[in-house]
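Nothing in this text is a laboratory measurement; each read-out follows from the coordinates by a stated rule. These figures come from a predicted structure and were not determined experimentally. Methodologically, a virtual Cβ is constructed for each residue, glycine included, from the backbone with ideal geometry; neighbour enumeration extends over all protein chains shown.
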Amino acid sequence: DDIIVIADINPKAPVHLLTIPKEESENLYQSNPEMLALCDATVNVVANKLGIADHFRVQINNGLGQEVPHLHYHFLSDRGVENLKYMNK
């Protein structure tokens, strides 16, 4: 309930998801360690669910290059797209 995972509207890879903590934090250095650990754990869950635990990358833009002033992880891979399931709430 503390993290949401959504598809990026401008994907840079076949799988491009955003892992976003609900807690307000502008960037990596303003985030508390517990939230960062939860983001990391969420990335692992996503990778395992997509069957690509050994084939993905994570990107965090901080400061220069950061377009959105809220911490979020980019989860990217060229594998696993067939396992994506989108849900609307």
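General remarks:
- Electrostatic dipole magnitude of the range 2-89 [Cβ: Lys, Arg +1; Asp, Glu -1; Cα centre; debye, to 20]: 340
- Farthest toward positive dipole pole in the chain [+1 Lys/Arg, -1 Asp/Glu at C-beta], among GLN30, VAL45, LEU84: LEU84
- Residues LEU28, LEU64, sorted so that the one with the fewest Cβ neighbours within 10 Å comes first: LEU64, LEU28
- ARG57-ALA7 pseudo-label distance in nm [points 7 Å out on the Cα-to-Cβ vector]: 2.2
- Helix axis angle, 33-50 relative to the chain longest principal axis, alpha carbon, degrees: 10
- Ordered from longest to shortest, the equivalent ellipsoid semi-axes for the range 3-83 are 21, 14, 10 Å, each the square root of 5 times a Cα gyration tensor eigenvalue.
- For the chain: relative contact order, % (alpha-carbon pairs under 8 angstrom, 6 or more apart): 38
- Listed values for the range 13-21 are Karplus-derived 3J(HN,Hα) couplings in whole Hz (6.51 cos²θ - 1.76 cosθ + 1.60, θ = phi - 60°), namely 7, x, 10, 9, 10, 10, 9, 10, x, and x replaces Gly and Pro.
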